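Here the structure is laid out as C-alpha cells; the discussion comes afterwards.
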Amino acid sequence: MSDARWIKCDRLQLQPDIERTLLNQELEYRAEPDLLRRVDEALDSIRPYLQADGGSVRLLDITRDMVVELELLGACGECPISEMTLRAGIEQTIKRAVPDVTRVEAVKSH
C-alpha cells in the first residue's frame, strides 16, 4: 500500500493517528506511587551498606515491563564489581520486596 495515511512498521502498517496514540501511551506511562515507594523502601534497607563503601543508588524509574532503572552514585558508579553488587545485592533485595519486578538496570541519569 502506498497510501500516505499508513506508516509501515516492520510487518505491521499503522495509520498515523494510531501510531501517535501508541507512542503517547508509552510516553505517558508512570509507575504507581505505591510501587515506587516499595522499591525505594527496599533500597533504603541496603543504602547504608553502599554508603559505607562511598556509594549509593537513586531510583530513576520503573518501566511498564517492571524494570527498575537505577543510577549508581559515588563509588558505586565507578566500582569494577558494581555489576555483581547490582545483581546479587540490589536486584535480589528489590525482588524480595517487590516480586513483580522483572529486573534491575543501572542507567545514566537524564
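The values are calculated or read from the model by the stated rules, or taken from the named source; none is laboratory data. Since we're looking at a predicted model, the values are computed, not measured. FYI the Cβ positions are ideal-geometry reconstructions off the backbone, even for glycines, and counts take in every protein chain you see.
Observations
- Helices (runs of 4 or more DSSP H) fully within the stretch 6-110 that include at least 1 residues being under 17 Å from the mean Cα position of the chain (by Cα) and modelled with pLDDT of 95 or more: 33-52, 92-97.
- Residue match in the stretch 95-110 (condition: in contact (Cβ under 8 Å) with a residue 60 or more places away in the chain, surrounded by 14 or more Cβ atoms within 10 Å (Cβ to Cβ) and in the same structural domain as Asp40 (by TED's automatic domain parsing)): yes
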